[in-house]
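Student: The structure under discussion is supplied below as structure tokens; questions concerning it will follow.
The values are calculated or read from the model by the stated rules, or taken from the named source; none is laboratory data. Note that the structure is a prediction, hence the values are computed from the model and not measured. All Cβ positions, even for glycine, are placed from backbone atoms using ideal geometry, and neighbour counts span all protein chains on display. Surface areas here come from the heavy atoms of the whole protein model, side chains and all, with no ligands, DNA or RNA. Shrake-Rupley method; radii C 1.70, N 1.55, O 1.52, S 1.80 Å.
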Amino acid sequence: MSSSGSTRTSSDSSSRRAFDQAKGTSMAPPFGLLIATQRSGTGALGSVLDQKNHPQFYYLGEIFHPGGIGDRHNYFTHLLDYIREDPRNALAEAAPRNFERFLATLSEEGRTLLPDVKYNSLHSLNQHWHSPIGRPWLLEYARAEGAPIIHLTRRNFLEVFVSGLLATANKVWHATDAAAVQIRSAVVDVPRLLRFIDDKQRELEMIEQWLKGHRPLVTLDYGDMFDAEGLLAREHADAIARAFGTDPITKRKPSFVKQAPRSLTESIKNYREVEQALSNTPHAWMIAGNRLRQAPPTSTTSKGSAMKKIIFQNSAVTVNGHGITMHSITAPWGEDDNLLGAMRQGSFDEKKTLAYWLFLVENAPKNAMVLDVGAYTGLYSLLTVRARRDLLSLAFEPSSVTFGRLVYNIQLNAFNPRIVPCHLAAWKREEILTLPHRYGFFSLCSGESIAQKGAPDHTETVKAVPLDHILQPTRPDFLNAPQLEGISKRPIAAVKIDVEGVEPEVLEGARTIISTSRPAFICEFLNQQAEARLGDFFASVGYAVIPIPEERNLLAIPRDSHDRFVSDFATWAKRHGTAVAIAGHVIENSRFETEL
């Protein structure tokens with residue numbers, strides 16, 4: 001590979017002579033290196049740089065993977081042949097010649113070979129008496145050859161850790177179809193996570209020291225590698241093309257899909273425990289960092305400067321045949337409604353919970369009412385009134401920004417009279433509370449909680465009320481909408497509570513509802529302690545708890561209705577399944593962009 005215009009130093013020339021003496025006079029075919037740690041997106045990037053997408057690249061995959069022996073792109077497949085020819089080829093001193101033979105075997109006219117080499121495989125070609133902290137032989141060789149290096153980082157080590165857990169659980173390391181990924185969340189061993197983060201930080205510092213001064217070098221991070229449309233960001237594509245001296249990279253869509261949900265709140269079962277462990281540490285940003293996963297979409301002005309964009313779009317979502325429309329905004333930090341994005345992309349992980357909710361809705365008494373506490377952008381309420389025109393949903397959402405989206409989605413579906421949006425926090429008593437927001441003023445955020453710990457981006461004062469207030473003969477001024485007239489005549493059929501850890505406090509403010517209406521409850525829990533606390537509460541009021549397998553929610557039914565409920569749901573599930581079927585897509589012509 002030529003030096004692409006870079007000037008070699010005297011150190012490089014000395015290394016070149018040393019390599020020439022070690023390997024003779026043969027020269028390697030054009031090549032570069034893709035250097036990264038595991039679970040950093042090399043498969044996705046490599047699929048863009050594959051020979052099928054670009055005539056001047058030949059992505060080889062992970063050449064030092066011990067599980068790839070037998071594949072022609074695996075170095076050890078060829079090494080076994082070289083050793084059979086001459087056992088001395090097993091010695092470290094033969095590695096330079098072996099490696100060049102390997103590259104030559106895969107050489108294709110006009111293509112640059114691009115091996116994928118993980119940090120913990122860089123030692124594979126080291127020579128005798130190699131210093132344990134010295135730059136690996138492979139990096140010395142690339143420097144002497146003037147070979148370009150792409151250094152792909154993933155500095156959010158929490159995401160790396162969770163991605164590894166899910167890949168191991170699913171036994172799927174590179175997914176081209178979201179349906180192949182069944183397990184969408186995992187419990188994080190916090191002490192092990194903290195050790196992992198520290199080890200990865202030291203490892204990255206050493207790699208960066210080894211690569212210091214290498215030319216050409218392209219460094220990019222997983223967090224901004226792809227733009228809001230899922231394409232390799234144009235600035236990175238252009239940088240890679242310049243470094244390798246190739247034609248522009250125009251096909252930028254990767255072949256692989258993400259295994260983990262977009263939000264860490266979805267992929268970490270004990271999210272609150274992890275958040276608390278990382279708060280007030282140098283790694284606290286990693287919790288917030290999952291909202292900054294994608295680079296902004298870009299365009300080029302007449303002067304050639306990159307402009308960031310915001311994308312507005314409506315999505316059609318169908319759940320068990322019930323169709324609704326929801327709005328989202330994709331800003332430079334990613335799509336704001338991560339639940340909608342997960343439903344559209346096939347990664348929504350509460351399908352069983354949603355099935356129970358639809359069963360409750362479809363079997364509710366005529367003209368009944370449901371309470372959607374922690375409504376977020378309105379998914380449960382929208383599905384409720386789509387499935388039953390006679391039902392009324394009260395949707396409680398304390399965040400002003402999220403409440404605005406909830407109202408917009410209600411209007412988008414023309415459900416104005418049938419969903420009452422309540423800009424309130426449900427609580428054990430009436431008072432004024434402070435709601436911390438982890439991100440900026442214009443960000444939705446699933447997972448926000450009154451009980452959130454750690455430094456917030458900003459806070460908001462919210463009115464908090466007990467749910468029992470809605471049953472009072474004379475309702476307070478914040479619950480006096482015309483839609484609520486005659487509310488006392490409506491039975492409360494079901495209550496969904498998703499308030500990120502303060503579910504028991506909400507239940508304390510609903511004791512009258514529990515004793516008089518006996519509705520079914522669906523409650524989220526963030527960890528086993530929270531689940532046990534909810535179980536104790538429901539047992540004390542005569543409810544039976546039905547766990548929802550593999551999801552962080554439980555169902556609570558009045559004890560005297562339990563057996564009938566189980567039987568009726570089993571009958572319903574024979575027709576509809578125990579988990580809902582979801583389909584979603586962006587509505588044609590609804591998408592438009594504006595420049596920041």
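Student: Give me the residue from segment 522-548 that is farther than 25 Å from Ala375 by Cβ and not polar (S, T, N, Q) and, out of that set, surrounded by the most Cβ atoms within 10 Å (Cβ to Cβ). Even if it seems obvious, please write down each step before you answer.
Tutor: Within segment 522-548, the subset farther than 25 Å from Ala375 by Cβ is 528-529, 532, 536, 539-540, 542, 544.
Then keep just the ones that are not polar (S, T, N, Q); that gives 532, 536, 539, 542, 544.
Numbers: Ala532: 11, Asp536: 11, Ala539: 13, Gly542: 12, Ala544: 18.
Ranking the candidates gives Ala544 first.
Student: In segment 461-506, what residues are in contact with a Gly (Cβ under 7 Å, 6 or more places away or on another chain) and charged (D, E, K, R)? Step through it out loud before you land on a result.
Tutor: Just the residues of segment 461-506 that are in contact with a Gly (Cβ under 7 Å, 6 or more places away or on another chain), to begin with: 466-468, 497-500.
Across segment 461-506, the qualifying residues are Asp468, Asp498, Glu500.
Student: Can you tell me which residue within segment 63-101, out of those that are touching a strand residue (DSSP E or B) at 6+ places or on another chain (Cβ under 9 Å) and in a helix (DSSP H, G or I), is nearest to Pro30 (Cα to Cα)? Before you say what the answer is, go through the steps one by one.
Tutor: Applying the first criterion (touching a strand residue (DSSP E or B) at 6+ places or on another chain (Cβ under 9 Å)) to segment 63-101 yields 63-65, 68, 71, 73-75.
Going one step further and asking which of them are in a helix (DSSP H, G or I), we end up with 68, 75.
Working: Gly68: 23, Tyr75: 17 Å.
Among those that are touching a strand residue (DSSP E or B) at 6+ places or on another chain (Cβ under 9 Å) and in a helix (DSSP H, G or I), it is Tyr75.
Student: What number goes with the only condition from (1) part of a strand (DSSP E or B); (2) among the β-branched types (Val, Ile, Thr); (3) surrounded by fewer than 18 Cβ atoms within 10 Å (Cβ to Cβ) that Thr516 does not pass?
Tutor: Only one criterion is unmet by Thr516, namely (1).
Student: So the check is Cβ under 7 Å with 6+ separation or different chains; which pairs have a first residue in segment 519-542 that's farther than 22 Å from Glu266 by Cβ and a second one that's open to solvent by 30 Å² or more (accessible area, probe 1.4 Å) and not in a helix (DSSP H, G or I)?
Tutor: Partner pairs satisfying both residue conditions: Gly535/Val545; Phe538/Val545.
Student: Picking from Leu433, Leu484, which residue would you name as being in contact with a strand residue (DSSP E or B) (Cβ under 8 Å, 6 or more places away or on another chain) and under 19 Å from Leu394 (Cα atoms)? Full working, then the answer.
Tutor: On the way: Leu433 fails: under 19 Å from Leu394 (Cα atoms).
Checking each option against the conditions leaves just Leu484.
Student: A further question on this structure: Could you identify the single residue in His123, His128 that is out of contact with any Phe, Trp or Tyr (no Cβ under 6 Å at 6 or more places or on another chain), open to solvent by 20 Å² or more (accessible area, probe 1.4 Å), of a type outside the set (Val, Ile, Thr) and part of a loop (DSSP other than H, G, I, E, B)?
Tutor: Values: His123 fails: part of a loop (DSSP other than H, G, I, E, B).
Result of the check over His123, His128: His128.
Student: OK, next. Quick test of your reading of the structure: Ser399 fulfils all but one of (1) surrounded by 20 or more Cβ atoms within 10 Å (Cβ to Cβ); (2) in contact with an Asp or Glu (Cβ under 7 Å, 6 or more places away or on another chain); (3) modelled with pLDDT of 95 or more. Name the failing condition by number.
Tutor: Result: Ser399 passes all but (3).
Student: Among the listed residues Gly32, Gly41, which satisfies the condition of being under 30 Å from Leu165 (Cβ atoms), modelled with pLDDT of 50 or more and of a type outside the set (Asp, Glu)? It would help to see each step written out before you state the result.
Tutor: Details: Gly32 fails: under 30 Å from Leu165 (Cβ atoms).
Of the residues listed, the single one that is under 30 Å from Leu165 (Cβ atoms), modelled with pLDDT of 50 or more and of a type outside the set (Asp, Glu) is Gly41.
Student: Say whether the condition of being in a loop (DSSP other than H, G, I, E, B), surrounded by 18 or more Cβ atoms within 10 Å (Cβ to Cβ) and either in contact with a Lys or Arg (Cβ under 6 Å, 6 or more places away or on another chain) or not hydrophobic (A, V, I, L, M, F, W, C) (or both) is met by at least one residue in segment 139-151. Can you show your working first?
Tutor: Residues of segment 139-151 in a loop (DSSP other than H, G, I, E, B): 146-148.
When the remaining residues are screened for being surrounded by 18 or more Cβ atoms within 10 Å (Cβ to Cβ), the result is 146-148.
Narrowing further to those that are either in contact with a Lys or Arg (Cβ under 6 Å, 6 or more places away or on another chain) or not hydrophobic (A, V, I, L, M, F, W, C) (or both): 146, 148.
Yes, segment 139-151 has at least one match.
Student: Considering every residue within segment 473-487, establish whether at least one is over 30 Å from the mean Cα position of the chain (by Cα), of a type in the set (Ser, Thr, Tyr), within 23 Å of Asp390 (Cα to Cα) and modelled with pLDDT under 90.
Tutor: From segment 473-487, those over 30 Å from the mean Cα position of the chain (by Cα) are 473-487; that's our starting set.
Subsequent filtering for residues that are of a type in the set (Ser, Thr, Tyr) retains 474.
Now narrow it down to the ones that are within 23 Å of Asp390 (Cα to Cα): none.
Checked segment 473-487: no residue is over 30 Å from the mean Cα position of the chain (by Cα), of a type in the set (Ser, Thr, Tyr), within 23 Å of Asp390 (Cα to Cα) and modelled with pLDDT under 90.
Student: Another question about this same structure. Can you pull out every residue in segment 493-507 that is among the small types (Gly, Ala, Ser), over 25 Å from the mean Cα position of the chain (by Cα) and open to solvent by 10 Å² or more (accessible area, probe 1.4 Å)?
Tutor: Kept after step one, since they are among the small types (Gly, Ala, Ser), are these residues of segment 493-507: 493-494, 501.
Next cut, over 25 Å from the mean Cα position of the chain (by Cα) only: 493-494.
Answer for segment 493-507, where residues must be among the small types (Gly, Ala, Ser), over 25 Å from the mean Cα position of the chain (by Cα) and open to solvent by 10 Å² or more (accessible area, probe 1.4 Å): just Ala493.
Student: Among the listed residues Val385, Val420, identify the single one that is crowded, with 19+ Cβ neighbours inside 10 Å, of a type in the set (Val, Ile, Thr) and modelled with pLDDT of 95 or more. Quick ask: steps written out before the conclusion?
Tutor: On the way: Val420 fails: modelled with pLDDT of 95 or more.
Exactly one of Val385, Val420 is crowded, with 19+ Cβ neighbours inside 10 Å, of a type in the set (Val, Ile, Thr) and modelled with pLDDT of 95 or more, namely Val385.
Student: Determine whether segment 63-76 contains at least one residue that is touching a His at 6+ places or on another chain (Cβ under 7 Å), on the phi < 0 side of the Ramachandran plot and among the basic types (Lys, Arg). Before the answer, list the steps.
Tutor: The first filter runs over segment 63-76 and keeps only residues touching a His at 6+ places or on another chain (Cβ under 7 Å), leaving 63, 74.
Next cut, on the phi < 0 side of the Ramachandran plot only: 63, 74.
If we keep only those that are among the basic types (Lys, Arg) too, we end up with none.
No, the conditions are met nowhere in segment 63-76.
Student: Would you point out which residue out of Leu379, Leu392 is in contact with a strand residue (DSSP E or B) (Cβ under 7 Å, 6 or more places away or on another chain), among the aliphatic types (A, V, I, L, M) and either surrounded by fewer than 21 Cβ atoms within 10 Å (Cβ to Cβ) or touching a residue at least 24 places away in the same chain (Cβ under 8 Å) (or both)? Walk me through how you get there before you give the answer.
Tutor: Working: Leu379 fails: in contact with a strand residue (DSSP E or B) (Cβ under 7 Å, 6 or more places away or on another chain).
Only one candidate qualifies: Leu392.
Student: Of the residues that make up segment 425-433, is at least one within 22 Å of Ala316 (Cα to Cα) and crowded, with 24+ Cβ neighbours inside 10 Å? Spell out the reasoning first.
Tutor: Just the residues of segment 425-433 that are within 22 Å of Ala316 (Cα to Cα), to begin with: none.
No; the residues of segment 425-433 include none that is within 22 Å of Ala316 (Cα to Cα) and crowded, with 24+ Cβ neighbours inside 10 Å.
Student: Same structure again: So, in segment 358-370, of the ones that are out of contact with any Phe, Trp or Tyr (no Cβ under 7 Å at 6 or more places or on another chain) and not in a loop (DSSP other than H, G, I, E, B), which residue ends up surrounded by the fewest Cβ atoms within 10 Å (Cβ to Cβ)? Give the derivation first.
Tutor: Of the residues in segment 358-370, the ones out of contact with any Phe, Trp or Tyr (no Cβ under 7 Å at 6 or more places or on another chain) are 358, 360-370.
If we keep only those that are not in a loop (DSSP other than H, G, I, E, B) as well, we get 358, 360-362, 369-370.
Working: Leu358: 22, Leu360: 24, Val361: 22, Glu362: 15, Met369: 24, Val370: 27.
Restricting to residues being out of contact with any Phe, Trp or Tyr (no Cβ under 7 Å at 6 or more places or on another chain) and not in a loop (DSSP other than H, G, I, E, B), the top hit is Glu362.
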